[in-house]
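Data block below; observations after.
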Amino acid sequence: LVAPRREAMGLSNSCSTCDRKMSEAPTSSQSKGASQDGTPPHEATAGLPVVNSPVHATGQAEVGAMAAAPASASTRRQKTVNIGREATNAPQEESVVQFRKPRTMRKGTRELIRTAMKQDRVCAMLEDDKIDTVLQTMEFFEFKAEQPIVKQGEVGSTFFVVHEGTLSVTVNDNITNTLGKGMAFGGLALLYQCPRTASVTATEDSGCWGASGASLHKVLQENAQRQYSENRKFLDSMALFDGLSGKQKDVIAEGVFVESFESGSRVATEGEAAAAIYSSKKGELRVYKGGKVSPSGELVGGTETSRLRPGECFGDQEVLREAAYTSTVVADSQCHMLCISLKHLQEALGRDVRATLEKALILSGMRKSPVIAQFSSQQQDAIIAALTYQDYKAGDAIEE
């Protein structure tokens, strides 16, 4: 679906990131935008292949990496047995396969897992039937003390819930959280297609239930589709996308997911790899500089620099520069956050997302000028090519 939509937006199809997808992308009517009833563009073409949409792990109960995007139809026929009972073509997580053990999931265990997923930032918005879909793919794993379960920087394909024992979470060799029975981890990066940004190690003999990352992503994507219309309207309120066309926003809206945070939870951590832009849909957040994350996952110290309210976003500059978060953001109340990953923005807008957004914003401004609006598209592009960028501090004189 990428190629025809990019053509409809007037974007180049020569992007190296998208070349492989474009060679596989279907044509004809699949490039249509959202239907009048607010149905996402890809729902209007039911039965056709869909490019999966996409941020990081906070070092709390969320560490992991998203399963790879779907391959071509020919590749899909070569099914690979992955963690869990569902066959997928996501990369097999060889580091944990050897620890898989037969075990019957009893009623009490099912309730433990359901509760863990309801408290998980990624899964909290799922309905019970969707949680059961993920639960059905779960298998049991046993880890000895000091055994690494997931490693920072590696690709993974499994979502875990701790059944027994204690696990430590580390980011850059610093302990940032401790996980115990009934806590989930691994879902965040499965959702956003980023390498695992934290390591999780068993501190004592432990057991975990692991689910197929592909099945988790599928139910999260279905949940996002149900909220498509609302999320699409919310994009119009984000200044970051002011210069984009309606069609471009339609495509971006397909990859918007919602995460849920309780008061006091860390949403992003200073120094952590940034892979998504967050915008508050509900609730307020505090932004801190400095401080240290304790082994219990709480921020100790630090200076509050600002607050974020509904409609405001953070992480955009870090994501566009592919850098680390420059602040720690903590929920001040229960928050629902709209999240858009860098990977999805690249699929929608091309590899250089920052340049595309800047050009769109400049063009939008130029078209509001009664003089420049009369120029042809080629002339406007020539003006943009001649522009230079300069930063100004408060009080600096700007020459006319």
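The values are calculated or read from the model by the stated rules, or taken from the named source; none is laboratory data. This one's a predicted model, so the numbers in the text were calculated from it and none came from an experiment. Virtual Cβ from ideal backbone geometry, glycine too; neighbours counted across all protein chains shown. SASA here: full protein model, heavy atoms, side chains in, ligands and nucleic acids out. Shrake-Rupley method; radii C 1.70, N 1.55, O 1.52, S 1.80 Å.
Observations on the model:
- The spacing between the range 247-295 and the range 349-400, judged by their C-alpha centroids, is 29 Å.
- Shown for the range 94-135: the carbon plus sulfur share of the solvent-accessible area, taken with all protein chains present and a 1.4 angstrom probe, equals 43%.
- Only one residue of Gly315, Pro295, Gly350 has its Cα farthest out toward the positive end of the dipole of the range 257-360, where Lys and Arg carry +1 and Asp and Glu -1 on Cβ, and that residue is Gly350.
- Highest to lowest packing among 107-120, 299-312, scored as the average C-beta count within 10 Å: 107-120, 299-312
- Qualifying lysines (Cα of each under 23 Å from Cα of Lys107; at least 8 residues distant if same chain): Lys118, Lys130, Lys181
- For the range 303-330 versus the range 101-137, the inter-centroid distance based on Cα atoms is 31 Å.
- Mean Cβ count within 10 Å, highest first, over the residues of peptides 365-372, 246-253: 246-253, 365-372
- For the range 225-284, with +1 on Lys and Arg beta carbons and -1 on Asp and Glu, the positive-most of Ile252, Ser280, Leu240 along the dipole: Ile252
- Prolate is the label for the range 298-400. Its Cα gyration tensor axes, ordered a ≥ b ≥ c, give a/c of at least 1.5 and a/b above b/c.
- Under the Karplus curve 6.51 cos²θ - 1.76 cosθ + 1.60, θ = phi - 60°, whole-Hz ³J(HN,Hα) for the range 268-281, x wherever Gly or Pro sits: 9, 10, 4, x, 8, 4, 8, 10, 8, 9, 10, 9, 6, 8
- Estimated dipole of the range 116-270 in Debye, rounded to 20 [Cβ of Lys and Arg +1, of Asp and Glu -1, Cα centre]: 380
- Surface share of carbon and sulfur [accessible, 1.4 angstrom probe, percent] for the range 147-211: 45
- Global form of the range 102-154, assessed from the alpha-carbon gyration tensor, a/c cut-off 1.5: oblate
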